[in-house]
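Below is one structure, written out as structure tokens; the observations come after it.
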Amino acid sequence: MLDERPGVLVHGDLGNMEIFVDESDRVVDIVDFGKSAVGDPVFDFVRFCGGGPIDDPRPDALLPRVRRSYVAHGGVEPENWDELFWIYSVFNAVDNSAWSIREDFPWLPGLQKKVSYLLDLIEGGLE
């Protein structure tokens, strides 16, 4: 499934500190391309909207609006969005766990719960 996804330049670490917006909420700058790579654009959605630990409220608040905006501005939402989002969410949670350990940030227990929750979704189906 991932082999069929487009290969484009992805930022790789989108977050609050990498995107600058003006008073009209228009993006005016994106910085820190240290983790950029060629990959699936959905990956950047997950990095930006996927949040941190399992109780992080940002994904539920951000994702619907970002998805609508992406499609409204000409983006094509893949049919298997939920599966892709799941795959990249697992990666994001594991990557954020490593970051939490390196930075001594208190997200690790919540990220461990998130990874367990996401992996449990396999048994119940992702839909």
Checklist entry - Between Phe91 and Val28, 0.36 nm times their residue separation minus their Cα-Cα distance comes to what? => result 19.9 nm
Item to check | Computed [θ] at 222 nm, deg cm²/dmol, the chain (DSSP H ≥ 4; -39,500 (n - 2.57); rounded to nearest 500) | outcome: -16500 deg cm²/dmol
Checklist entry - By per-residue mean of other Cβ atoms within 10 Å, what is the highest-first order of 109-115, 51-57? => result 109-115, 51-57
Next on the checklist: How compact is the chain by the rule of thumb for globular proteins, expressed as Cα Rg over 2.2 N^0.38 Å?
Outcome noted: 1.07
Checklist entry - Which of the trypsin sites (Lys or Arg not before Pro) across the range 5-108 are loop residues per DSSP, with 16 or fewer other Cβ within 10 Å? => result Arg26, Lys35
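Values in this text are rule-based calculations from the coordinates and carry no lab data. These numbers come from a predicted model, not from an experiment. Positions of Cβ are backbone-derived with ideal geometry, glycine not excepted, and every protein chain shown enters the neighbour counts.
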